[in-house]
């Protein structure tokens, strides 16, 4: 049996949409993509040390998978190499189109498929971004850990991690830290 953790970048007002680039996800007319850039390098150092140091597999929604594959599949830096080496389970209706190495399609009813993945032996399952998938996993009670990085920026409208379907839950803070530019890390375990 293995745990599942969400690794999410958030604004102070809870938006997780399009942290890295202006063109990452403009759905719904979102105009503030790239909001994490002011703290990006120092946060990525924390992510590497705190969330990507130990072995893990990835569970990704299709849009996030496509964005990651386009950004990291040909990169040679340490984080890109870890992402490429990890087994990537991708929620998709077209598993035959997964071209990034170590990619496996997940289809059918998502909660059932993910529950089966969690029952297998293996390393931690990490979900990076993947807004719709993250909301589904939270609503189904399948998330064991939250690995949240909150950036000191407010953007207003956008996709939020915690939506109307998120059930009440208590979380225990495992570790917290702050970067010099004010981004905060909070690692939580479901109580």
Legend entry - Span per principal axis, largest first, for the Cα atoms of the chain (Å): 39, 39, 34
Inset, instruction - Can you pull the one-decimal nm distance between simple spin-label points at residue 132 and residue 37, each 7 Å off the Cα toward Cβ? - result: 2.8
Inset, instruction - Take 107, 139, 93 and order them by how many other Cβ atoms sit within 10 Å, fewest up front. - result: 93, 107, 139
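Rounded, prolate or oblate: pick one for region 65-171, where a ≥ b ≥ c are the square roots of the eigenvalues of its C-alpha gyration tensor, a/c under 1.5 means rounded, and failing that, prolate if a/b is larger than b/c, else oblate.
Taking the square roots of the gyration eigenvalues as a ≥ b ≥ c, region 65-171 is oblate.
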Inset, instruction - Nearest 5 is fine: what % of DSSP beta bridges in region 4-190 come out antiparallel, could you say? - result: 40
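Expressed as a rounded percentage, what relative contact order does region 4-190 have, with Cα pairs under 8 Å and six or more residues apart? Walk me through the numbers on the way to the answer.
Details: 337 pairs, mean separation 60.8, N = 187.
Normalised by residue count, the contact order of region 4-190 is 33 percent.
Fewest to most neighbouring Cβ within 10 Å: what's the order for 11, 179?
Details: 11 21, 179 17.
Sorted ascending by nearby Cβ count, the order is 179, 11.
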Legend entry - Burial ordering of 175, 159, fewest other beta-carbon atoms within 10 Å first: 175, 159
Inset, instruction - At 4 °C and 1.567 mPa s, grab the translational diffusion coefficient of region 136-182 from Stokes-Einstein with a Kirkwood Rh over Cα pairs, rounded to a whole number in µm² per second. - result: 98
Inset, instruction - Only helical DSSP H runs with n ≥ 4 go in: add -39500 (n - 2.57) per run for the chain, normalise by residue count and round the 222 nm mean residue ellipticity to 500 deg cm²/dmol. - result: -7500 deg cm²/dmol
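Each value in this text was obtained by applying a stated rule to the coordinates, not by laboratory testing. Everything numeric in this text was worked out from a predicted model, so none of it was measured. As a convention, Cβ positions derive from the backbone with ideal geometry for all residues, glycine included, and neighbour counts pool all protein chains shown.
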